[in-house]
Amino acid sequence: MGESGVPRRIAGLSEIAADYRGLLCDVWGVLHNGVEAYGGAVDALCRFRDGGGRVILITNAPRPARQIREMLRGLQVPDAAYDAIVTSGDVTRNLLAERAGGVMFHLGPQRDTPVYEGFDFVLAGPERADFVLCTGPFNDHVETPEDYKELLGQMRARNLEMICANPDIIVERGGVRVYCAGALAQSYERMGGAVIYAGKPYAPIYDMASRLFAERFNLPPPKRSILAIGDSIRTDLRGASAAGLDMLFITSGIHADEGKAPDRLERMFADVGAPPRAILNTLVW
């Protein structure tokens, strides 16, 4: 942080890496864009690990870590770039375990079904369900929250509780913005619906990552030995701040437009109440 309280702009992670023993790094928007991996980011994580640091990837993907690992391999992200993955899908499975045996309505695409594999749920529509698992729009290529007003209204009429497996509102996929489960959950809350969120910026996913750092890599508190990296003010910065972590903010992600106007970005940081330690355009070493 600069003397004026304005986050320091750095040219690469190497400028501050020596201050930390571990990284808690966002995935979509930092490591890849949904279509291809960012070579500079992969290199930066590998270099940090080569220096003895540990890297846990943290993502609001509504699928188990094993599936994200396979997806990353498909994008040519080597296993050597990180030590472990923590997903909102993992947190969601903990929430689902508490409701095993119930009647569930899955609001989301078929690709997200692994998040409830192994549970004995009865799958049904909102007219019969006990609760809703929301992993996103059925077709996020074309649909928006506006397309779900009637369906969300049906759920609200029955006072169904929603588990939101991905608190993200929007992400970029190859330069195209697509809506996530968080957008539908937000609309449902505006109707008065009850929502439980898995993932960033909420505490359970950070608690899971903290346990991994401590138990697997012998990196217990103080938390200042861990640096969070992300591109979202709403999820990454807010979550890191609440967890007591320093943060490196990537400006080329979903806030790329605001990043072109530093004053605007700094006002948005101020709304969170804890600006990042440093700012970097894209993650590079």
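Values computed for the structure shown
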item	result
Computed FRET value (nearest 0.05) for Arg8 with Arg49, which takes r as the C-beta separation and R₀ as 25 Å	0.60
Extended-chain gain in nm, criterion 0.36 nm per residue less alpha-carbon gap, Glu146 and Ala84	18.7 nm
The chain - share of DSSP beta bridges that are antiparallel (%, nearest 5)	10 percent
Cβ crowding within 10 Å averaged over residues, with 219-225, 274-280 ranked highest first	274-280, 219-225
10 Å Cβ shell holding at most 14 others, DSSP loop, GluC sites (Glu not before Pro): longest site-free stretch of the chain	128-285
Burial ordering of Ser187, Ser14, Ser88, Ser232, fewest other beta-carbon atoms within 10 Å first	Ser14, Ser187, Ser232, Ser88
Values of log10 I(q)/I(0), in the order q = 0.10, 0.15 Å⁻¹, for the chain under a Debye, Cα-only, solvent-free model	-0.52, -1.13
Order of Cys164, Cys134, Cys46 under a 10 Å beta carbon neighbour criterion, fewest first	Cys46, Cys134, Cys164
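We did not get these values from a lab; they are worked out from the coordinates using the rules stated. None of the values given here were measured: they were computed from a predicted structure. No Cβ is skipped: glycine too gets one built from the backbone with ideal geometry, and neighbour counts run over all protein chains shown.
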